[in-house]
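Scroll down for the structure; my scribbles are underneath it.
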Amino acid sequence: MSGDKRGILAQIFIALMIFTALVWVWTVAFIMSWPWEKTTTWKPEFRLIAVCANKEPCGFAYSDLAEAKAKGLYTSLTPVEPAGDLEEERNWLKWKVENDIIEVKASSWHFQTTIRYKVENDTPVLVEYQDVAAKAFYYGVAAGLFSLLGLYLRKLRG
């Protein structure tokens, strides 16, 4: 009898650790390969980086831009620095500017939205966006479960 001599709890623990690693790998793979959507239609919740009246970077939702401009809350939609990040109340904003394209990533524990846009005549023009919601994690859990099942079925065969 050449079976596994570890106790049942040890076997369960090892299986859970393998499952956790597989979920992590699959989730990262899904996030990295999530498709970009090319469109010029803005969603109202998209966050943009701006230069506030106090010359500091700040973020605004696309739906709030007109009101913020009318109140004088920001002076420009083109960031002063080519890259940076900003902590907001409910998420992080991270931006970089390359070849006149501004890429802004708004992320929190349950979502990540990245937009790429240009500023033409002080107006943002959307180029493309990538909206990675919690779906990537759910797909990672399912893929991890199927991978673990496949590993254990292969172990039973051999």
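The values are calculated or read from the model by the stated rules, or taken from the named source; none is laboratory data. Given the structure is predicted, the values throughout are model-derived calculations rather than measurements. Using ideal geometry, Cβ is built from the backbone for each residue, glycine included, and neighbour counts are taken over all protein chains shown. These area figures cover heavy atoms from the full protein model, side chains too; ligands, DNA and RNA do not enter into them. Shrake-Rupley method; radii C 1.70, N 1.55, O 1.52, S 1.80 Å.
In square angstrom, what is the accessible area per residue of the stretch 1-70 with a 1.4 angstrom probe? Numbers along the way, then the final one.
Details: 4960 Å² over 70 residues.
Ligands and nucleic acids excluded, the result is 71 Å² per residue.
So for each of 35-45, 14-24 I average, over its residues, the number of other beta carbons within 10 Å; can you give me the resulting order with the highest mean first?
Most protected by this proxy first, the peptides run 14-24, 35-45.
For Lys43, which aspartates and glutamates qualify as cross-link partners when the Cα separation must be under 17 Å and same-chain residues fewer than eight apart are set aside?
Asp64, Glu67, Glu103, Glu128, Asp131
Compute the angle between helix 135-157 and the longest alpha-carbon principal axis of the chain, please, reported from 0 to 90 degrees and rounded to the nearest 10.
That works out to roughly 20 degrees.
Which pairs break 19 Å Cα to Cα here: Lys94/Lys118; Lys94/Lys135; Lys96/Lys135; Lys55/Lys105; Lys96/Lys118; Lys69/Lys105? Walk me through the intermediate numbers first.
Values: Lys94/Lys118 16 Å; Lys94/Lys135 22 Å; Lys96/Lys135 26 Å; Lys55/Lys105 21 Å; Lys96/Lys118 12 Å; Lys69/Lys105 22 Å.
Going by Cα-Cα distance, Lys94/Lys135; Lys96/Lys135; Lys55/Lys105; Lys69/Lys105 fall outside the 19 Å limit.
Ignoring ligands, DNA and RNA, how do Ile49, Ile12 rank by accessible area with a 1.4 Å probe, largest first?
The ordering from most to least exposed comes out as Ile12, Ile49.
If you place +1 on the Cβ of every Lys and Arg, -1 on the Cβ of every Asp and Glu, and leave all else neutral, what size is the dipole of the chain about its Cα centre, to the nearest 20 Debye? Can you show the working numbers first?
Details: 18 positive and 18 negative charges, 217 e Å.
Dipole of the chain, to the nearest 20 debye: 1040 debye.
In whole percent, what relative contact order does the stretch 22-134 give with Cα contacts below 8 Å and a gap of six or more residues?
Computed over the stretch 22-134, the figure is 24 percent.
Which of the trypsin sites (Lys or Arg not before Pro) found in the stretch 50-116 are in a DSSP loop and have at most 10 neighbouring Cβ atoms, other than their own, within 10 Å?
Filter output for the stretch 50-116: Lys55, Lys71, Arg90.
May I ask you to list the aspartates and glutamates whose Cα is less than 19 Å away from that of Lys71, ignoring any residue fewer than eight positions away on the same chain?
Candidates past the 8-residue exclusion: Glu56, Asp122.
With P(r) over Cα pairs in 5 Å bins from 0, in percent defined as stated, name the option among [x] 1, 8, 13, 13, 10, 10, 10, 10, 8, 7, 5, 3, 1, 0, 0; [y] 1, 8, 10, 12, 13, 13, 10, 9, 7, 6, 5, 3, 2, 1, 0, 0; [z] 2, 8, 14, 16, 14, 10, 7, 7, 6, 5, 4, 3, 2, 1, 0, 0 computed from the structure displayed.
[z]
Got a sec to turn the phi values of the stretch 28-45 into Karplus ³J(HN,Hα) couplings, 6.51 cos²θ - 1.76 cosθ + 1.60 with θ = phi - 60°, whole Hz, x for Gly and Pro?
4, 4, 5, 5, 5, 9, 4, x, 8, 10, 8, 7, 10, 8, 7, 8, x, 8
Using a basic spin-label model with each label point 7 Å from the Cα along Cα→Cβ, how many nm lie between Ala29 and Ser76?
Modelled inter-label distance: 4.4 nm.
Could you tell me what percent of the accessible area of the chain is made up of carbon and sulfur, with a 1.4 Å probe and every protein chain present? List each step's numbers first, then the result.
Details: 6630 of 10860 Å².
Result for the chain: 61 percent of the exposed heavy-atom area is carbon or sulfur.
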